[in-house]
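Just below is one structure, and these are the notes that go with it.
None of the figures in this text is laboratory data; all of them are computed from the coordinates on show. From a predicted model like this one, the values you see are computed outputs, not experimental measurements. Every residue, glycine as well, gets a Cβ built from its backbone with ideal geometry; the counts of neighbours run over all protein chains shown.
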Ligand code: ATP
C-alpha cells in the first residue's frame, strides 16, 4: 500500500533583517534549544522551543549539509514545517569572519571594563555579544 508520509521538511528562518531560509526543503534539521540539541525528521511530533545562540544544521536530499548561526529566538515545528524566528541568523557561507573576530575582541574588552566597574548590565550585554561572535566564528570554521 502506498505510504503518503512526507520525507522532507519545509524550513523558513525569519529575522528582523529578512529571511535566511525561505520555504527550503530539507531531510533533517538539528536545532540547539535551551533544553539541548533536537534532531527533527519528517513527521516528528510538533515542537515549540526557545533557541540558544548556537548552530542550526540542515541535511538536504543527496546528503549536502548547511549550517546556520542562529543567535537566539524560537523554533516552531508542525505539519512538516519548521519556522525559526531569530534575533539574527547567518548561513555559514555568509559569515564575515573578520567582522566577527573584531566583534569578539570588542566584547572581550567590554567584559573587562564592565568587570572593573562592577556593571552587571553591561557585563551581560557584552557576554551575549561575545557568544554571538564566537558562534559565528565556530559556524564559519566548522
Ligand atoms: P557587529 O558588532 O559586528 O555588528 P552584532 O553581533 O552586534 O555584530 P547583530 O546585531 O547580531 O550584530 O546583527 C546585525 C546584522 O548584521 C544582522 O543582519 C546580522 O545577521 C549581521 N551580522 C552580524 N555579524 C555578522 C558577521 N560576522 N557576518 C555576517 N553578518 C553579520
Q | Added length on full extension, which subtracts the Cα-Cα distance from 0.36 nm per residue, residue 23 to residue 106 | A | 26.3 nm
Q) Could you give the distance between the Cα centres of region 34-66 and region 84-122, to the whole Å? A) 24
Q: Name the shape class, rounded, prolate or oblate, that the alpha-carbon gyration tensor gives for the chain, where a ≥ b ≥ c are the square roots of its eigenvalues, rounded holds for a/c under 1.5, and otherwise prolate holds if a/b is larger than b/c and oblate otherwise.
A: prolate
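How much length, in nm to one decimal, is gained on full extension between residue 43 and residue 96, taken as 0.36 nm per residue of separation minus their Cα-Cα distance? Don't skip to the end; give the middle numbers.
On the way: separation 53, 0.36 × 53 = 19.08 nm, distance 3.53 nm.
Gain in length upon complete extension: 15.6 nm.
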Q. Using a Förster distance of 35 Å, how high is the FRET efficiency between residue 8 and residue 122, based on the Cβ-Cβ distance and rounded to 0.05?
A. 0.20
